[in-house]
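Asks: Quick one: the structure is below, and I'll ask about it shortly.
The values are calculated or read from the model by the stated rules, or taken from the named source; none is laboratory data. Note that this is a predicted model, so its numbers are computed, not measured. Cβ coordinates were reconstructed from backbone atoms using ideal geometry, including for glycine residues, and neighbour counts include every protein chain displayed.
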Amino acid sequence: MYRKSNRNNRTRHLFPIACIAYILVCLPLILGNYTNSPPMIENGGQLSPTPTTTVSVSSPAPSPDITNTTFEQIYQQKIWTPEGGGSGVGSSRVNGLGASYILRLIMMKYRLTKLLDAPCGAAMSSWMYTTIQPLKSDIPSFQYYGVDVVGSVIHANRAKVIQEKMEKFVQYYRVDLSASSTTTKASLPRLPLHYDIILSRDALQHLPYQLIARVLHSYCETNSRYLLIGSYLHSIKSGDNRNRDIKVGETFHINVLQAPFLFPKPLEVFDEPVICAEGVDSQKSLLLYKLNTLCRSSSLLQFVQSNATVSEDTMGRMK
C-alpha cells in the first residue's frame, strides 16, 4: 500500500528552506503594514450518518442565508486577499509548508489513506494542492475528500480537479458542517463515512460557540479515526486573542485546551510555523486526537450540551 521514499533526506532541509521562504515573502507585507483576516465557514449541508440525528441550538443561530452570503462575499471580494485562492495568507503555499509536512508525516506514521479536509476552502489554489500529489505518490491508495460551504469555491476546486485529471482520488462537496441536519437533510450529499483522518486547520476560530458545537458534533458523527485540529497554544491571552464567543465571520485565536472547550490532552502536538497569519502573535499548532476518545470526553460532551440541544440518541452514541 505504501511506497518507501527518501523523505527523511528530503525533509531534513524543509524547515530551513521554509523559514527563508517565509522571510522573503512575508517581510515586505509586514513592513508595508499589511493586514490579514483568516478563513471561515458557511451553510449548505452537513455530515450525518443517520437521519434521526438532530441538533437544535438553544438560542437562534445565524440563518443559512446570512451565513452563505457572508462567506460568499469574502471569497468573491477577496477580503482575505487573493492568497490561497481567497482563503487568505495563512493558506498560501508558503505558509502551508509546515502543515503539509505535518500532514504527510502523520499519514505515513499512522498508515492512513482517506483524508477529509473539512472545511477545505479554495484547496486547489492553496498549499493543499501541492500536498495532494506527494501524498498520492507516497500512498497509492490515498483518497482526498474536501467539503466547504462556499458554492463558488467548490465549483472552482472541481474544475481544477478535472483539468488536472485527479477525479479518481480527489472529490469535492458543498457541505455546511455547522448546519442543523433538519435544515439540510434533503440536500445532503452522499459522503462516505469512516475517514482515516479529518483535517480542521482554520475554521472553528471564525464561528460562534453554537456553530462550533455543531461542527464538532458533525466530526464525531463521521466515526472517523483521527482529528487533526488547528489551535493557537502560544498566543498572548489578551484582547481579541482569548477564547470568546463571536459573530459568524469574526475571528479569535482559538485554544481548544482552554475554557470553554477544555479538550483533553492530545495524542500529539505539532508546532506549525506561520509568519504572516494574523500578525506577529500567530504561532499556530496542530493537535492530533483519536476522534473516538475526544468525542467521548466529558469536556467535549459538556461543551456540546451547553451550546446546543442534541437528541438523546446522538448523545448516547457520543458517550
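Asks: Which ones in the range 129-158 are more than 19 Å from Ser92 (Cα to Cα) and aliphatic (A, V, I, L, M)?
Replies: Ile139, Val149
Asks: Tell me, please, whether a residue that is out of contact with any Leu (no Cβ under 7 Å at 6 or more places or on another chain) and modelled with pLDDT of 95 or more can be found in the range 267-285.
Replies: No, because not a single residue in the range 267-285 is out of contact with any Leu (no Cβ under 7 Å at 6 or more places or on another chain) and modelled with pLDDT of 95 or more.
Asks: I need the full set of residues from the range 137-173 which are free of Cβ contacts under 8 Å to residues at least 60 places away in the same chain and either more than 22 Å from the chain's Cα centre (by Cα) or assigned to a helix (DSSP H, G or I) (or both), in order please.
Replies: Listed by number, the residues that qualify are Ile154, His155, Asn157, Arg158, Ala159, Lys160, Val161, Ile162, Gln163, Glu164, Lys165, Lys168.
Asks: A further question follows. Of the numbered conditions (1) surrounded by fewer than 19 Cβ atoms within 10 Å (Cβ to Cβ); (2) at pLDDT below 90; (3) not hydrophobic (A, V, I, L, M, F, W, C), Asp245 satisfies every one except a single condition; which is it?
Replies: With (1) surrounded by fewer than 19 Cβ atoms within 10 Å (Cβ to Cβ); (2) at pLDDT below 90; (3) not hydrophobic (A, V, I, L, M, F, W, C) applied to Asp245, the lone miss is (2).
Asks: Residues Leu211, Leu207, Leu199: which one is closer than 21 Å to Gly249 by Cα, modelled with pLDDT of 95 or more and either crowded, with 21+ Cβ neighbours inside 10 Å or touching a Pro at 6+ places or on another chain (Cβ under 8 Å) (or both)?
Replies: One residue alone meets the criteria, Leu199.
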